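Only one structure is covered here, and it is reproduced in the block below.
The values are calculated or read from the model by the stated rules, or taken from the named source; none is laboratory data. Just so you know, these numbers come straight off a predicted model, no measurement behind them. Neighbour counts are summed over all protein chains in view; Cβ atoms, including those assigned to glycine, are modelled from backbone coordinates with ideal geometry.
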Amino acid sequence: MNILEAKGLSKQYKDKAALSQLDLQIKPGEIFCLLGQNGAGKTTTINLFLGFVEPSAGAAFINGVDVAKQPVQTKKDLAYIPEQVMLYPNLSGRENLSFFSQLAGFKYAKAQLGDLLTGAGLQAGAVDQRVSTYSKGMRQKVGIAIALAKKAKALLLDEPTSGLDPKASNEFSELLKKLSGQGTAVLMATHDIFRAKEVGTRVGIMREGRLVTTLNAADITASGLEKLYLEYMHD
Amino acid sequence: MLKTIALKEFTDTLRDGRFRVAAVLVGALLVVSVLVSRHYYQTVSRQHEQAKRTARYQWENQGSNNPHSAAHYGVYAFKPKYPLSMLDNGLDKYLGVSLFLEAHRQNESQFKAIEDSSALARFGELTPAFVLIYLVPLLIVLMAFGAFTSEKESGNLRLVLSQGLSRRTWLLGKLAGVWLVLLTLVVPLFLIGLLFLAASPGADGGEFARFGLLALVLLLYFAVFVNVSVGVSAWAANSNGSLVLLLGFWMLSTLVLPKATTNLARRLYPAPSALAYQAALEKDLKNGVDGHDSANEFSKKFERETLAKYGVDSVSQLPFNYWGLAMQAGEEHEEHVFDKHTRAIQDLYRRQLAVHQASAFLSPTILTRLLSMSLARTDLEAHYHFQQEAENYRIRLVRDLNYELKDHSKYDDWEYQVNNDFFRKTARFDYQPVTLAYTTGQTAGKLVFLLGWVLVSLAGAWWAAAKLNG
């Protein structure tokens with residue numbers, strides 16, 4: 001059973017193909033990393049799974065349901081962490097988590113919210129401080145807690161580690177592995193070749209809206225992956 | 001779900017320092033304006049009661065006098081000040097508070113507050129209606145211009161929508177959030193207003209019903225601004241664009257259109273100058289019986305007709321004092337002329353007002369202002385009603401006095417006098433103000449129009465929200 005699936009998924013803007021004929025299946029516990037330059041189609045792929053843009057052809061499925069046909073229902077099985085998790089600066093981390101969880105239909109007790117936040121790596125002392133005082137890494141951790149709180153089958157990540165320090169980035173990888181161990185299907189768009197090799201089960205390289213190759217992360221070294229990536233980017 | 005969103009918006013807004021400053025300012029202005037207006041209302045109503053008593057006392061105690069001389073001596077009619085003028089004093093300061101009623105003339109109202117003020121008063125004054133109709137919408141704009149745009153800019157919109165929330169639920173939640181903040185601000189003030197109204201001796205059931213309707217009108221008016229602000233925020237690409245657009249709408253609705261249409265109305269239906277008006281009036285007055293000028297051709301004609309009617313040769317042979325009848329004939333001619341000219345000028349002003357009101361499809365402020373003045377009875381119609389009733393009373397009083405002369409004195413007996421007993425029995429001016437039924441009939445159309453604004457702006461916001469994208 002595929003949790004995330006794209007069948008001939010395409011998105012055409014006026015004179016530019018943002019995504020062409022993407023076929024992709026991600027099973028429970030798999031972490032699929034999409035590599036590629038800006039404009040290669042990574043974010044478009046994620047937007048199509050989120051239902052924020054309509055496909056020009058093909059379809060995206062979450063847990064077997066067509067996203068374009070059931071944009072609200074498919075989101076029940078999906079959690080998303082954007083590149084920039086801004087949150088509401090006038091609310092505390094706990095209040096933000098409580099609010100977003102309630103939007104998704106979950107009502108957690110105060111203590112559970114705190115556990116989720118510290119579980120995502122936030123210092124216990126920061127839980128009740130306003131988000132306006134948080135660093136980017138701290139906000140990202142609240143974003144992770146929001147995704148965890150949803151207990152979703154699929155997780156979509158758009159450059160989640162950009163701008164994080166190596167330690168925070170490493171903690172993030174550990175968390176992803178833990179989730180994958182629990183059966184979550186993960187699709188992550190990233191620029192970070194090392195992180196992709198480290199955390200991914202499979203790695204796909206995208207160029208100009210096409211998925212040009214897919215390989216098992218176990219079959220290649222980080223430097224081998226980098227070499228391959230550069231070859232694909234070379235004209 | 002709506003409750004969750006509304007409560008979050010409420011907390012978020014209240015923790016915003018900029019909003020707190022703006023809300024405290026508007027709240028303080030409202031409280032001050034209510035207190036100032038209440039003080040003014042109490043002072044004026046006290047003076048009104050006092051002046052009314054004094055004027056009647058002077059009339060009844062003028063001593064022995066000829067009835068027609070008494071008609072020249074005249075009486076004063078005072079326009080009542082209604083409790084709701086505390087909230088909206090409308091045109092009161094331009095329209096005057098009293099009328100001098102005398103023989104031969106229909107006078108204009110006197111003692112306009114604006115004449116006692118410096119030119120600065122033309123800039124407007126701090127009344128609750130001003131704060132509620134002009135400043136609260138500005139606060140709504142400041143509160144809601146970023147409702148969606150700030151989330152588009154921060155990316156929170158993507159995160160929110162990825163939680164499995166429909167765009168329309170999100171819109172309704174945003175609307176509910178703005179309302180929660182707004183009601184927290186205005187409901188206590190409505191309650192204070194209600195308390196002051198209950199403490200006013202002049203407030204009857206009708207006045208409370210008017211207050212309820214006024215509160216409804218204001219809430220509908222706020223709803224227009226809430227819908228437009230949230231809708232534009234959903235439609236606009238960024239917060240700057242949204243703010244500029246909404247401030248433009250606010251200016252157009254509250255300042256530009258009301259001023260522009262006033263000028264346009266004056267141009268389309270120019271009012272005659274005071275001089276021209278007076279000249280036309282005098283011309284018409286000359287073309288009729290003049291009770292004080294028996295040589296006038298119309299007076300002579302009236303004399304001939306009267307003699308023929310009673311079959312006598314001279315006015316001294318009439319069974320009554322001819323001068324009383326002639327005075328009344330002159331009076332009736334003058335009444336007719338004044339009535340004609342007053343109606344013409346009132347109709348002109350009504351047409352000007354209609355031009356003003358015609359721009360209400362672009363300016364909900366004009367609609368609300370007109371509704372609020374009608375409900376507070378501080379509009380032009382309430383004033384015309386008072387003028388007409390006072391004129392009817394003047395006609396009756398002068399006729400009674402002329403007939404007293406005609407029926408109870410001898411011809412050419414200019415020494416004939418009546419005493420205080422007679423004056424005490426003359427009719428009193430017991431003014432019955434515009435009723436609630438009259439006002440509701442007059443305002444129903446505008447109320448429906450305002451409701452239309454609410455629905456159309458809501459539909460616009462609904463449409464814009466459906467196009468929201470992460």
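Looking across B:L161, B:L175, B:L132, one residue alone is over 13 Å from B:W250 (Cα atoms), modelled with pLDDT of 95 or more and not aromatic (F, W, Y). It is B:L175. Within segment A:200-235, restricting attention to residues that are in a helix (DSSP H, G or I) and among the charged types (D, E, K, R), the residue that is nearest to the chain's Cα centre (by Cα) is A:E226.
Among residues that are touching a Ser or Thr at 6+ places or on another chain (Cβ under 6 Å), within 21 Å of A:Q140 (Cα to Cα) and crowded, with 24+ Cβ neighbours inside 10 Å, A:I31 is included. Here B:A215 meets each of (1) surrounded by 14 or more Cβ atoms within 10 Å (Cβ to Cβ); (2) within 30 Å of B:M373 (Cβ to Cβ); (3) of a type outside the set (S, T, Y); (4) touching a residue at least 60 places away in the same chain (Cβ under 8 Å) with one exception, condition (4). All of A:K153, A:K110 fail the test of being within 18 Å of the chain's Cα centre (by Cα) and modelled with pLDDT of 90 or more, apart from A:K153. Does B:Y57 satisfy being modelled with pLDDT under 90 and either within 14 Å of chain A (Cβ to nearest Cβ) or assigned to a helix (DSSP H, G or I) (or both)? Against the criterion (modelled with pLDDT under 90 and either within 14 Å of chain A (Cβ to nearest Cβ) or assigned to a helix (DSSP H, G or I) (or both)), B:Y57 does not qualify. Scanning segment B:446-470 for residues that are hydrophobic (A, V, I, L, M, F, W, C), surrounded by fewer than 18 Cβ atoms within 10 Å (Cβ to Cβ) and within 14 Å of another protein chain (Cβ to nearest Cβ) yields a total of 1. Which is hydrophobic (A, V, I, L, M, F, W, C) and either in a loop (DSSP other than H, G, I, E, B) or closer than 19 Å to B:L405 by Cβ (or both), of B:F302, B:F298? Result: B:F302 is the single residue among B:F302, B:F298 that is hydrophobic (A, V, I, L, M, F, W, C) and either in a loop (DSSP other than H, G, I, E, B) or closer than 19 Å to B:L405 by Cβ (or both). Among the residues of segment B:409-438, the ones that are assigned to a helix (DSSP H, G or I) and either in contact (Cβ under 8 Å) with a residue 60 or more places away in the chain or among the aromatic types (F, W, Y) (or both) come to 6 in all. Of the residues making up segment A:33-55, just one is at positive phi and within 14 Å of another protein chain (Cβ to nearest Cβ), namely A:G51.
Can you say whether B:F19 is at pLDDT 90 or above, touching a Ser or Thr at 6+ places or on another chain (Cβ under 9 Å), at negative phi and not charged (D, E, K, R), as far as the supplied structure shows? Against the criterion (at pLDDT 90 or above, touching a Ser or Thr at 6+ places or on another chain (Cβ under 9 Å), at negative phi and not charged (D, E, K, R)), B:F19 does not qualify.
Scanning segment B:439-469 for residues that are closer than 30 Å to B:G205 by Cβ and in contact (Cβ under 8 Å) with a residue 60 or more places away in the chain gives B:T439, B:T440, B:Q442, B:T443, B:K446, B:L447, B:F449, B:L450, B:L451, B:W453, B:V454. Under the condition of being surrounded by fewer than 16 Cβ atoms within 10 Å (Cβ to Cβ), without any contact (Cβ under 8 Å) to a residue 12 or more places away in the chain and of a type in the set (S, T, N, Q), the residues counted in segment B:296-328 number 2. Annotation note: Cβ proximity below 6 Å between a residue of segment B:123-152 that is within 16 Å of B:F225 (Cβ to Cβ) and a residue that is at pLDDT below 90 and of a type in the set (S, T, Y) (sequence gap 6+ or interchain) occurs for B:V131/B:S33. Just one of (1) touching a Pro at 6+ places or on another chain (Cβ under 9 Å); (2) farther than 23 Å from B:L7 by Cβ fails for B:L135. It is (1). Filtering A:G114, A:G121, A:G125, A:G58 for residues that are assigned to a strand (DSSP E or B), farther than 18 Å from A:L187 by Cα and more than 8 Å from chain B (Cβ to nearest Cβ) leaves a single hit, A:G58. All of (1) under 22 Å from A:L179 (Cα atoms); (2) within 14 Å of chain B (Cβ to nearest Cβ); (3) free of Cβ contacts under 8 Å to residues at least 60 places away in the same chain hold for A:A79 with one exception: (3). Residue pairs whose Cβ atoms lie under 6 Å apart, separated by 6 or more positions or on different chains, with the first residue in segment B:1-14 and more than 10 Å from chain A (Cβ to nearest Cβ) and the second aliphatic (A, V, I, L, M), are B:L2/B:L172; B:L2/B:A176; B:A6/B:A176; B:A6/B:L180; B:F10/B:L180; B:F10/B:V181. Within segment A:88-104, the set of residues being at the interface with chain B (Cβ under 7 Å from one of its Cβ atoms) and assigned to a loop (DSSP other than H, G, I, E, B) comprises A:Y88, A:N90, A:L91, A:A104.
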